[in-house]
Amino acid sequence: MEGILSLLNKRKTPHSPFQETSRPSTPPNPQAHTNTDTGPSENTPIPSFPDGVKVLHDCADAIVDICFVHGLTGDRESTWTAEGQSTPWPKTLLPPKLEKARILTYGYDAYIVRKGVASSNRLIDHATNLLNDLTTDRACCNAPSRPIIFVVHSLGGLVCKQAILLSRNNPEIHLRGIFDCTIGIVFMGTPHRGAWMADWAKIPASALGLVKSVNRSLLEILQTNNQALELIQVNFWSMIRERQKANQPPDVTCFFEELPLPGVGKVVSKESATIEGYNPVTIHANHRDMVKFASAEENGFKRVLGELVRWVSQFDQVLSETAQDCLKSLAFPQMQNRSHDISSAVEGTCEWLLQHETYQSWAACDRGLLWIKGKPGSGKSTLLKHALYKHKTRDDALILSFFFHGRGDELQKTPLGLWRSLLHQILRKAPGALQDLIDEFGTKRKQIGEPGEKWNWHEEELWSFFKSSLSKILITRPVWVFIDALDECGKKNAVKLVQIFKSLLQSLLSQSTNLRQCCICFSCRNYPILDRDTSMFEIRTEDENQRDISTFVDGQLAAFCSPTLSRIPALITERASGIFMWARLVVEQVLDLEREGAGVKTIERAIHSIPPDLDELYRQLIQIMEPASQKLIQWICFATRPLSIDELRWAMVVEADCPHRSLEACRSAEDYIPDINRMKRQVQTLSRGLAEVSHTQVVQFIHQSVKDFFVEKGLSALDGNVTSTEAAIRAHFRFSKICIRYLAMEEIGCSTSYDDFAFLHYATTSWVAHAQHTDQISTVIDVMDDHGQTPLSWAARNGCEAVGHEAVVRILLAAGAAVDMKDRYNGQTPLSRAAQEGREAFVQILLDAGAAVDTKDGHGQTPLSRAAEEDGYGWTPLSRAARNNHGAIVRLLQCQ
């Protein structure tokens, strides 16, 4: 942009020919000019432009790339070159200060007017080129995952933001690296909300004298309130919030011009040059000169350098290849899932927490442990998430967080997952504190092998690394730790972790008084933590959240309820007794009644009839559940891991006694639902609103208290004839057979590629866990189903050899299954079943396990004696095997 500005500044000769190097300082009057030129000559050369990436300083052991992007009518070198200098300052002044940084500059043709032909590229075109060129450059240097910092001037900031947004979730995986690796952006005079340059977009081309070509699109986007510009800003801010929630926010600093351009004024106002939530910093220069530094002693340079040094220092050690691999060994896919599932606080709620006397006392002390406690469903998680979000605005503090998830995968509900997540965050943000962890990782990999294959991290060693790193971090910056739903990692673990937190803070108290502040906040139910230690701060949610519940209920009912229902919200709030989950479920019932046209009295009676206890409310909701609802609840309760919505579709349609032999036949079944949105609605309908599909497309209960209810009481309530333990046993038994049945489908046995089978991975990895899930299940391994078959008998008949599932029979036998147990109704043994179905490998396994060929069936006959007689259909075991071309099985039986 400085090209235009320097020309505009020469307003003293307004009548001179309007050249690229000489322009009036104010937009020319269209009426005062006559364009006598007939157009550009065919021989007019199109000027070349230094575009693309240029390396100003290379570094063999670089840990970060710093990329400079110029603005409107700028140049990748001259924009950054001070008057009287021949070389851009990023090349001369930065390398001595940032020895491990590779310095790049990017050029693009952003001239809006030109004598010959102005580029017609739009902002998105320049951003796309930046993304592709930068990705290619980094790939050629074998550094596609190296962190990157952008320093951008004027329009270059908009190009940069758009490029990052294009990288985010890009369908081309290799192009996502720029989004993932961006750790900081220095905006210098960037018009986030437009600039005075908007006026240029209104000038007809004929008024520009000798100028032959105008790129009006770049000028139009600089208009204040331009919709495209506003959309970029909204999307960019949304991206920032997404990274904040993932605890991976990029650093941002906004510099704005302090001085006006003579005769023009300030090109980009402070309001337009800054982003809400980030401290604005001035540079004592005008818009053009704010990016031109002649000396390292200039204060503007020192301010920019200070930001770069601070950001780069965070990655000074972590970015070695070993450290990168160490970071990967700590990560797991579901690390941030739970925090995304928790709803953000409704506007106007949770603010009381920050003003609470206990909270303020905790936040003001040097070493503090705060317990946000309360009944199930009282809003503890939302409250903690709100506090976490508010603390993330602290500039120098290290903010760590973890959200336990009792309905999630193993690492989401164990201390091992907690320590892996916290150390992952520290390694990203304060790597210098974890050099011992990196060294240990390198040693293990060298001596043992790759992590995950030859070895895994252990809980105790990771806790030790966390403790030692904290002391190092606190020398330079405060640390805040937020941990949600401690009770969801189990009673023993929860109690242990509280003691660890107390011991940690106590040990820090005894260390140097020069250490910075360290505070830990956790949320947990009233049980299992029973400690009444007066040194621990406590806030009970249900004693404080009545106004929040009132605000929530009012907001939910405002758009639906007529004025005559004005007393309904107060009634719900009063009866909720501090339980948000109760209020939420009752509001849904009220809205259903209101849509049906129910009167106020009817709605009030319904509210009064709803049990105030959350468990009793759940019990009321599940009365008279149909079999499909029971099956859904069982899957959510007892799946070895949360099922995706695609997996659940097949888990629901396949049954142990399924009459279909192929997946294609299953698709034609009445209860098969091909549409994802319909499947989501069915989850909500069958569960009576107690289950949901998360943002990661995983099916789960709406709250941990729902799962607790079903596991402890609800499943037996669905079937009054069994205990909760018996209900669990039956469910696991059923699911193991469903998995085996799915594996026996024709398409599975015939295919050589299993990528297109949604339920295959779960079935192959989970059927054994279902069969041997607990000791109780091991003791009932020979329990018969409704058809009188044991798991071994069923597996021998339905297992699929084509994909190697004879292992089903082997593991059942290893678990103690009776090899000669007869079916209840026809007296067949597993051996007889396997022979009948032509399972040669299974027959051999059963014979090796000692299966008897002369065991008498229900009619007093052995398989061999029956070989000489016909069954009810006129077939003997041997003749049936021969008929089905099972010659190998015939020989196996005859050899016994």
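For this structure, a couple of remarks:
- The residues of the stretch 139-159 that are crowded, with 24+ Cβ neighbours inside 10 Å and more than 22 Å from Arg428 (Cβ to Cβ), listed by number, are Val152, His153, Ser154, Leu155, Gly156, Gly157, Leu158, Val159.
- Scope the stretch 277-290; condition part of a loop (DSSP other than H, G, I, E, B) and either free of Cβ contacts under 8 Å to residues at least 40 places away in the same chain or in contact with a Leu (Cβ under 7 Å, 6 or more places away or on another chain) (or both); matching residues: Tyr278, His284, Ala285, Asn286, His287, Arg288
- Of the set (1) under 30 Å from Cys519 (Cα atoms); (2) at pLDDT 85 or above, all apply to Ala570 but (1).
- Matching residues in the stretch 350-366 - criterion: being assigned to a loop (DSSP other than H, G, I, E, B) and either of a type in the set (D, E, K, R) or free of Cβ contacts under 8 Å to residues at least 24 places away in the same chain (or both): Asp366
- Within the stretch 666-685, not a single residue is within 26 Å of Cys524 (Cα to Cα) and among the β-branched types (Val, Ile, Thr).
- Scan of the stretch 61-79 for residues that are closer than 16 Å to Val312 by Cα and small (Gly, Ala, Ser), ordered by number: Ala62
- Of the residues Val693, Val653, Val699, the single one that is closer than 26 Å to Trp767 by Cβ and buried (at least 21 other Cβ atoms within 10 Å of the Cβ) is Val699.
- Qualifying residue in the stretch 735-747 (condition: crowded, with 22+ Cβ neighbours inside 10 Å, at pLDDT 85 or above and not in a helix (DSSP H, G or I)): no
- The residue of the stretch 507-526 that is surrounded by the most Cβ atoms within 10 Å (Cβ to Cβ), among those that are at pLDDT 90 or above and of a type outside the set (Val, Ile, Thr), is Ser523.
- Identity of the residue in the stretch 291-308, in a helix (DSSP H, G or I) and free of Cβ contacts under 8 Å to residues at least 60 places away in the same chain, that ends up surrounded by the most Cβ atoms within 10 Å (Cβ to Cβ): Gly300
- The set of residues from the stretch 325-349 being in a loop (DSSP other than H, G, I, E, B) and within 26 Å of Asp554 (Cα to Cα) comprises Ile342, Ser343, Ser344, Ala345, Val346, Glu347, Gly348, Thr349.
- Here is the figure for the stretch 176-197: residues that are at pLDDT 85 or above and of a type in the set (Asp, Glu) total 0.
- Which numbered condition Leu411 misses (of (1) over 17 Å from the mean Cα position of the chain (by Cα); (2) touching a residue at least 12 places away in the same chain (Cβ under 8 Å); (3) surrounded by fewer than 20 Cβ atoms within 10 Å (Cβ to Cβ)): (1)
- Here Lys444, Lys496 are screened, and the one residue that is of a type in the set (Lys, Arg), at negative phi and without any contact (Cβ under 8 Å) to a residue 24 or more places away in the chain is Lys444.
- Meets criteria (outside any strand (DSSP E or B), in contact (Cβ under 8 Å) with a residue 24 or more places away in the chain and closer than 18 Å to Leu508 by Cβ) for Trp480: no
- Scanning the stretch 120-154 for residues that are in contact with a His (Cβ under 8 Å, 6 or more places away or on another chain) and either in a helix (DSSP H, G or I) or not assigned by TED's automatic domain parsing to the domain that holds Leu305 (or both) returns Thr135, Ala139.
Here is a yes/no grid of residues against (1) of a type in the set (A, V, I, L, M, F, W, C); (2) at pLDDT below 80; (3) touching a strand residue (DSSP E or B) at 6+ places or on another chain (Cβ under 8 Å):
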{"residue": "Glu321", "(1), (2), (3)": "no, yes, no"}
{"residue": "Ala331", "(1), (2), (3)": "yes, no, no"}
{"residue": "Cys350", "(1), (2), (3)": "yes, no, no"}
{"residue": "His356", "(1), (2), (3)": "no, no, yes"}
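- Of all residues in the stretch 620-634, those satisfying the criterion of being crowded, with 16+ Cβ neighbours inside 10 Å and either in a helix (DSSP H, G or I) or over 36 Å from the mean Cα position of the chain (by Cα) (or both) are Leu621, Ser629, Gln630, Lys631, Leu632, Ile633, Gln634.
- Within the stretch 54-74, the set of residues being surrounded by 21 or more Cβ atoms within 10 Å (Cβ to Cβ) and at negative phi comprises Leu56, Ile63, Val64, Asp65, Ile66, Cys67, Phe68, Val69, His70, Gly71, Leu72, Gly74.
- Tabulated pairs, the stretch 846-864, first under 10 Å from Gln828 (Cα atoms) and crowded, with 19+ Cβ neighbours inside 10 Å, second small (Gly, Ala, Ser) and at pLDDT 60 or above, C-beta under 7 angstrom, 6+ apart or interchain: Pro863/Ser832
The values are calculated or read from the model by the stated rules, or taken from the named source; none is laboratory data. Remember, predicted model here, so these are calculated numbers, not experimental data. When we count neighbours, we look across all protein chains shown, and the Cβ atoms used for this are built from the backbone with ideal geometry, even at glycine.
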